[in-house]
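Below is one structure, written out as structure tokens, with a few remarks after it.
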Amino acid sequence: MISHEQKYVKVKTAFANTLENHQDFCEIKEIFKDDISRRRLELISSPQDLLNILEAQGLIGENTVTGFRKISTGINDDALIYLTQKFLKEVANASGNFPLNVNRYSQQQKTLKEEISDQEDNKKSKEEEFIISRSKRDKIFDLIVGEIGRKWMDFGRGAGFKQGAIDAIESSHPRNQSAQIYTMLEQLEHNTPTREMYNLILNGLEKCRRNDIREKVQDMIFK
């Protein structure tokens, strides 16, 4: 009997095959302009890249069809719409207590937020003391992406990434080093508070012996 994981892989493959033959891939990317940063959208060069990023962002997966739904309705493809609805039922059956048309990931996040709201309130004042604007953040990321070069894996290890995670990032964007580095930075941003993220970035640059970049980033942070 085919497993739920195998069913998800089949759905993802079907979407990849359909998108490969779509006339305007840029149109498909624009569907996610509110979910993915502009810089990252520009780095996506293939349907497989897009699906990998949607997976990393939690927009598609074994328990969520949000990204699949957006694509299928966005390009108005009846076959993909049917496939999405069918997989949605599979998700509901597999997840037990989660009703149809509810993103299990979102439900879990909502519960989690309720459970830790007090902790977040306590952290908020500390985080507000260390604010980096979006434009400054983008400039820092662009600087690292543009200058770190082949040292990016050493940078990642210095910033706390395990080798398995680095290998996964590398394989998700083959022959696209800029996308690999940007993915690493966005994962770091997604998984750590702002202050900690920049400390890890500075530590990673020091560990990979790129103190020249470290000094530039440090100047940008405190400028």
Q: Provide the gained length on full extension for the span residue 76 to residue 23, in nm with one decimal, where the gain is 0.36 nm per separating residue minus the Cα-Cα distance.
A: 17.7 nm
**Q.** Sulfur and carbon atoms: percent of accessible area, region 162-219 [1.4 Å]
**A.** 42
Q) Given a 1.4 Å probe and every protein chain left where it sits, what share in percent of the accessible area of region 3-82 is carbon and sulfur? A) 44
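The values are calculated or read from the model by the stated rules, or taken from the named source; none is laboratory data. Just so you know, these numbers come straight off a predicted model, no measurement behind them. Please note that ligands, DNA and RNA were not included when accessible areas were found on the heavy atoms of the full protein model with its side chains. Shrake-Rupley method; radii C 1.70, N 1.55, O 1.52, S 1.80 Å.
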